[in-house]
Structures are given as structure tokens and as C-alpha cells.
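Heads up: the structure comes next, in C-alpha cells.
Bear in mind these aren't lab numbers, they're just calculated from the coordinates by the rules spelled out. These numbers were taken from a predicted model, which means no experiment stands behind them. Cβ sites come from the backbone with ideal geometry, for glycine too, and all protein chains shown count toward neighbours.
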Amino acid sequence: MTFQRIFSGAPWEDEVAYCRALRAGNVVYVTGTAPLEPDGSVHSPGDGLAQTRRCLEIIEKALAELGVGMDRVVRTRMFVTDIDRWQEYAKGHREAFQDHPPTTTMVEVTRLIHPNMLIEIEAEAVITG
């Protein structure tokens, strides 16, 4: 089996020793993706919908670097700091996956790595051929 890794340049990739996405055979795993700007700042503090959209943009870019579309995503996991705001996160998720819904889980966590982060998303995709 061959492995292909994609790095996004996130500040924690080197420090923790992880990659943004990893293709192992016909499966792609996208690590927990936080709503970061290219400069490392948190995107839209306080806005759950905007942060969800940003996480999914980063995921989409990582998948695209592996030649995979969002329609191949079979599972997402959303880690959120306030489950009462679930509708904001759900709206962003629905926008990305309405025509090809994956399985998903949303779990409330105490906090994420930066206090302005409201959500972090993982994804898995399956490729044919």
C-alpha cells in the first residue's frame, strides 16, 4: 500500500508531527481541521457558521491536492465548544454536503487549542480507481 501525505503549513503540523491529509490506498483521512487563516489567526471569532465554512474550505483544498472531491467524503466528525449552537455548524455542513451527505458526528468538547475556536472538523473519504 502506498501513502501520500499533504501538509497545509498549519503551525502545529511540525510541532505535533502530523499532516493535514493522508491517502492510504483508496482511503483519505483528513486530520482535525480548525478554522485558521493562512497567517495562523483564527477565522471569524464568535461566528460558528463562518468557522464551519472555513474548516470545510481547508478540508476541500487538502482533498483536492490528492485529486479527491468533497463528494467522496464518507464521514465527518465535528468537535464543537457549544453544542447549543449546533444549527450554525449544521448549516455550514449542509452547504458542503447537501447533495452527497456523509455520515457525521457532532460532539461538544470543553475547549479547542485556541480559545477563539468554536469548531474543528475531521473527514474521511473513499476513492475508487
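Arranged from fewest to most other beta-carbon atoms within 10 Å of their beta carbon, Ser8, Ser41 become Ser41, Ser8. Distant-in-sequence amide contacts of Ile127, defined by a placed amide H-H separation under 5 Å and a gap of 5 or more residues or a different chain, comprise Val27, Val28. Amide H contacts for Thr104 (H built 1.01 Å from N in the peptide plane; partners 5 or more residues away or on another chain; cut-off under 5 Å): Thr76.
Where both residues lie in the chain, what percent of DSSP beta bridges are antiparallel, nearest 5?
80 percent
Near Pro45: Cβ cut-off under 15 Å, other residues only, Lys/Arg at +1 and Asp/Glu at -1. The net charge is -2.
For the chain, the longest principal axis of the alpha carbon atoms and the long axis of helix 86-97 meet at an angle near 30°. Seen against the Cα atoms of the chain and their longest principal axis, helix 48-65 is set at about 10 degrees.
Taking other C-beta atoms within 10 angstrom as a stand-in for reagent exposure, His93, His100 fall in the order His100, His93, fewest first.
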